[in-house]
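Step one of this worksheet: look at the structure below.
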Amino acid sequence: MKEVFERYLQHFDLTNPDIKKKQIHTYQVAENCLEIAKSLGLSEQDQILAYQIGILHDIGRFHQLELTNSYDDQVFDHADYGAQLLFDQGLISTFPVRVGNYEVVRKAIVNHNKYEIEDGLEERTKLFCKLIRDADKIDILELSCDGMIQTRLDGPASPDILMQLERHQSAKVTQIRSNIDRILIRIGFFYNLYFLPSMQIVFDREIVKRLEDKIEDDIVHRELERAQRYLKERLKC
């Protein structure tokens with residue numbers, strides 16, 4: 001799977017730092033998918049499928065940058081475009097994905113970047129939608145720890161976003177008005193993780209602590225502490 005994806009990436013300029021970051025992100029998300037799938041006790045075939053979805057989830061990103069010179073999903077939805085590219089234009093046939101899994105892959109890709117998973121999905125499809133969303137969020141949070149967000153905080157923080165975090169809810173990116181809002185939105189990812197193994201990965205990799213060490217801001221620290229308490233309570237279940 002990885003070898004086929006690497007051949008596909010030869011169509012793009014891998015010396016472009018923005019393209020390279022997405023390449024690295026893709027592989028980390030795929031590994032996260034595999035780790036979560038194993039922890040959930042999924043079958044070997046479903047573990048393979050989880051990894052494949054991780055590899056394919058952001059395939060539309062590379063075209064998004066090429067076509068719009070940005071990663072703004074309000075202008076160009078990379079998930080919808082990725083699904084169109086794979087299934088309407090037939091690119092999926094070049095990857096070693098079982099035909100019987102095509103619909104699961106398509107729905108997982110379409111739903112991975114949405115605020116909520118669409119209604120009416122059958123349970124197996126919904127499981128893989130949840131899995132890719134968790135795996136993607138974990139890596140975005142890790143990238144935040146490792147220097148891919150700004151730490152110069154402009155503000156003030158949005159009262160609406162703060163209220164949603166207080167309710168243990170994630171907020172929408174359309175509510176962002178400042179860089180501190182962007183960080184608070186990512187803290188909201190902790191409340192949107194579906195699986196206990198995903199939450200355990202957050203603790204094992206010390207993601208909350210790494211964010212606290214990186215960002216010096218009272219509001220951010222308060223919300224990180226709130227998220228930490230929430231995750232600890234969930235893991236006691």
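The values are calculated or read from the model by the stated rules, or taken from the named source; none is laboratory data. Since we're looking at a predicted model, the values are computed, not measured. For neighbour counting, all protein chains shown are included, and Cβ atoms are generated from backbone atoms with ideal geometry for every residue, glycine included.
Odds and ends about this structure:
- Meets criteria (touching a residue at least 60 places away in the same chain (Cβ under 8 Å) and within 24 Å of Glu6 (Cα to Cα)) for Ala135: yes
- Residues satisfying the stated conditions in the stretch 148-172, i.e. modelled with pLDDT of 90 or more and farther than 22 Å from Gln74 by Cα: Pro159, Leu162, Met163, Leu165, Glu166, Arg167, His168
- So Thr26, is it within 14 Å of the chain's Cα centre (by Cα) and among the polar types (S, T, N, Q): yes
- In the set (1) out of contact with any Asp or Glu (no Cβ under 7 Å at 6 or more places or on another chain); (2) part of a helix (DSSP H, G or I); (3) touching a residue at least 60 places away in the same chain (Cβ under 8 Å); (4) over 22 Å from Lys38 (Cα atoms), His168 fails one condition alone, (2).
- Tally, over the stretch 86-121, of residues that are surrounded by 17 or more Cβ atoms within 10 Å (Cβ to Cβ), of a type in the set (Val, Ile, Thr) and not in a loop (DSSP other than H, G, I, E, B): 5
- Met163 being without any contact (Cβ under 8 Å) to a residue 12 or more places away in the chain and either buried (at least 18 other Cβ atoms within 10 Å of the Cβ) or not in a loop (DSSP other than H, G, I, E, B) (or both): yes
- Some residue of the stretch 177-187 being in a loop (DSSP other than H, G, I, E, B) and under 15 Å from the mean Cα position of the chain (by Cα): no
- Residues satisfying the stated conditions in the stretch 1-29, i.e. out of contact with any Asp or Glu (no Cβ under 9 Å at 6 or more places or on another chain), among the hydrophobic types (A, V, I, L, M, F, W, C) and touching a residue at least 60 places away in the same chain (Cβ under 8 Å): Met1, Val4, Phe5
- Of residues in the stretch 198-231 being part of a loop (DSSP other than H, G, I, E, B) and among the acidic types (Asp, Glu), the one surrounded by the most Cβ atoms within 10 Å (Cβ to Cβ): Asp217
- Candidates Leu121, Leu131: the one that is under 11 Å from the mean Cα position of the chain (by Cα) and of a type in the set (A, V, I, L, M) is Leu131.
- Checking each residue in the stretch 61-85 for being outside any helix (DSSP H, G or I) and farther than 18 Å from Lys20 by Cα picks out Asp73, Gln74, Val75, Phe76, Asp77.
- Inclusion of Gly82 among residues that are surrounded by fewer than 19 Cβ atoms within 10 Å (Cβ to Cβ) and of a type in the set (Gly, Ala, Ser) is not warranted.
- Among the residues examined, Phe62 qualifies as crowded, with 23+ Cβ neighbours inside 10 Å and over 20 Å from Asp134 (Cβ atoms).
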